[in-house]
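A.B. asks: This is the structure, below, for whatever I ask next.
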Amino acid sequence: MKKHILEKQLLNQPKEIKFCKKCVMSNQRPRIIFDLDGVCGGCRNSQSYKEKINWIKREEELSKLLDQYRRDDDSWDVIVPSSGGKDSAFVAHQLKYKYGMNPLTVTWAPLLYTDIGWKNFQGLRDAGFSNILASPNGQLHRQLSRLSFEEFGDAFHVFVLGQVSYPFHIAIKFNIPLVMFGENGEAEYAGDPNVIDKPFIPSEEFQRLYFKGTSLDELVNFGIEKKEYFNKNFNSSDLNFYRPPSINDLIKSKIKGKYFFGYFKKWIPQENFFYAAENTNFKPNPERTEGTYSKYASIDDKLDGIHYYMKYIKFGFGRATDDASHEVRDGHISRDEAISLVKRYDGEFPEKYFQDFLNYLDISQSYFWEVVDSWRSPHIWEKKGNKWKLKKTVY
Ligand SMILES: [Zn+2]
């Protein structure tokens, strides 16, 4: 494995691979914790946390919170970051029609919308929501994607930066201090125990979790210094939406942090899907999503298949592991069923938009595989003949 200077997350990967005894999650997942019985934080959270939660009380907490922010002058009073996917559709629709708020939905555009993603995005708007759609500087975005692919093993990183940061710029601009995201990924997918059972992540903290240990400025400077393809055909304003606003600006605007609807309401992806299908014109993928078995999870972006594939390369588990683990915890499938789903779908290569990915990054197929192989850790992969094999799997 080649040394990647900017990526700091992989340094903490445990060298001995283990899988959760209850679901199928791997201990290679960043920030995950396994207890002495070999059970992952995600399962522990769903048992000790979700099942004991008094959801009626939580809903009262939500009502109280919303009362603090609700406006009586008919203006927008909550921001819902939204791609048009089922989860944000559920949040926006509930806030508006069940809790009488006036949400403004805010979208950081996918790298390349899929047809179904674009339709679902419009469907949510047509269910009665105003939306602001941000499209970053296209040249800059492609350069940053390629740089992130090479240096973080994840072209999608640039999308995540804007997805987290951009809504807060709009919150300041329109003086809307409440920003309501959907799920708390740390709670749902077994991450940092310090932020699991909280309604929000404070503004000071939310940068730390998502940025792979490197700031945007470090990344950009690295590109300018080391990469011949990286031109400076952009100005500093073009970079603004990739960064969160300053802490001072957030405090001045009374923005406490990043709120999660999933803290207040039980978060069940499958039910969000049914809800969105019924209320916001949400349509699932006509085909199964490559790399997993579901038809409704993150289907907006043509390029996110490679994101999940790279996760499989870097951590040895893919999208089917995430989906199946979640379903085991929700009681929808057994662990054995989860194992066979993982065996069948995890690591399936996302063929469908592969050429779009290469075009978007302006790279060749052979260079793509060179970068992919530079991310294979020796404790996860071994080469047998010409073929790469996972050293250890859950099946
Ligand atoms: Zn587990």
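A.B. asks: Wrap a convex hull around the Cα atoms of segment 241-348, take a quarter of its surface area, and give that in square nanometres. Intermediate values should be presented prior to the final figure.
C.D. replies: On the way: hull surface 38.2 nm².
Taking a quarter of the hull surface, the average projection is 9.5 nm².
A.B. asks: Here's something else I'd like to know. How long are the semi-axes of the equivalent ellipsoid of segment 198-293, taking √(5λ) for every eigenvalue λ of the Cα gyration tensor, in whole Å from largest down?
C.D. replies: Its equivalent ellipsoid spans semi-axes of 34, 24, 13 Å.
A.B. asks: Now, a different point. Using only the alpha carbons, work out the radius of gyration and Dmax of the chain in angstrom.
C.D. replies: 20.6, 69
A.B. asks: Here's another thing I want to ask about it. Determine Rg/Rh for segment 108-153; Rg is computed over alpha-carbon atoms and Rh is the Kirkwood hydrodynamic estimate from the same atoms.
C.D. replies: Answer for segment 108-153: 1.11.
A.B. asks: OK, next. When the convex hull of the Cα atoms of segment 50-184 is projected onto a plane and the area is averaged over all directions, what value comes out in nm²?
C.D. replies: 10.0 nm²
A.B. asks: Taking the Cβ of residue 202 as the center, what net charge do the other residues with Cβ under 10 Å away carry, scoring Lys and Arg +1 and Asp and Glu -1?
C.D. replies: Residues near residue 202 contribute +1 overall.
A.B. asks: Just how large is the dipole of segment 116-155 about the Cα centre, in debye to the nearest 20, putting +1 at every Lys and Arg Cβ and -1 at every Asp and Glu Cβ?
C.D. replies: Using only the charged Cβ atoms, the result is roughly 200 debye.
A.B. asks: While we're here: Among residues other than residue 283 whose Cβ falls under 13 Å from its Cβ, what is the net charge (Lys/Arg +1, Asp/Glu -1)?
C.D. replies: Its environment carries a net charge of -2.
A.B. asks: Looking only at 118, 267, 55, which one moves most when the chain is put into a Gaussian network model with springs between Cα atoms under 10 Å?
C.D. replies: Judging by the Gaussian network model, the answer is 55.
A.B. asks: Do the alpha carbons of any pairs in 98/283; 119/352; 266/302; 198/302 sit beyond 27 Å of each other, and which pairs?
C.D. replies: Listed pairs above 27 Å: 266/302; 198/302.
A.B. asks: Output the antiparallel fraction of DSSP beta bridges having both residues in the chain, as a percent to the nearest 5.
C.D. replies: Values: 10 of 21 bridges.
Around 50 percent of the beta bridges assigned by DSSP in the chain are antiparallel ones.
A.B. asks: Of 377, 26, 215, which is the most mobile in a GNM of the chain whose springs link Cα atoms less than 10 angstrom apart?
C.D. replies: 215
A.B. asks: If you don't mind, there's one more thing I want to ask. For segment 284-395, just list the percent of Cα-Cα distances falling in each 5 Å bin from zero outward, please.
C.D. replies: Binned Cα distances yield the sequence 2, 11, 19, 23, 19, 15, 7, 3, 1.
A.B. asks: Please work out whether segment 47-110 counts as rounded, prolate or oblate from its C-alpha gyration tensor, where a ≥ b ≥ c are the square roots of the eigenvalues and a/c under 1.5 means rounded, while otherwise a/b larger than b/c means prolate and anything else oblate?
C.D. replies: In terms of gyration-tensor shape, oblate.
A.B. asks: Another question, then. For a Förster distance of 56 Å, can you work out the FRET efficiency between the beta-carbons of residue 64 and residue 225, rounded to the nearest 0.05?
C.D. replies: Values: r = 51 Å, r/R0 = 0.90.
Step by step, r from the Cβ atoms, then E = 0.65.
A.B. asks: Quick one: what Rg and Dmax do you get for segment 275-325 from the alpha carbons, in Å?
C.D. replies: Radius of gyration, then largest Cα-Cα span, for segment 275-325: 12.2, 38 Å.
A.B. asks: On full extension of the chain, what length is gained from residue 173 through residue 254, given 0.36 nm per residue of separation minus the C-alpha to C-alpha distance?
C.D. replies: Taking 0.36 nm per residue and subtracting the Cα distance, the gain is 27.9 nm.
A.B. asks: So how far, in whole Å, is the C-alpha centre of segment 91-164 from the one of segment 1-47?
C.D. replies: What the calculation gives is 28 Å, centre to centre.
A.B. asks: Show that you can apply the helix-only estimate: for the chain, add -39,500 (n - 2.57) for every DSSP H stretch of four or more residues, divide by all residues, and state [θ] at 222 nm to the nearest 500.
C.D. replies: Taken over the chain, the calculation gives -12000 deg cm²/dmol.
No lab work stands behind these numbers, since they all come straight from the coordinates. None of the values given here were measured: they were computed from a predicted structure. No Cβ is skipped: glycine too gets one built from the backbone with ideal geometry, and neighbour counts run over all protein chains shown.
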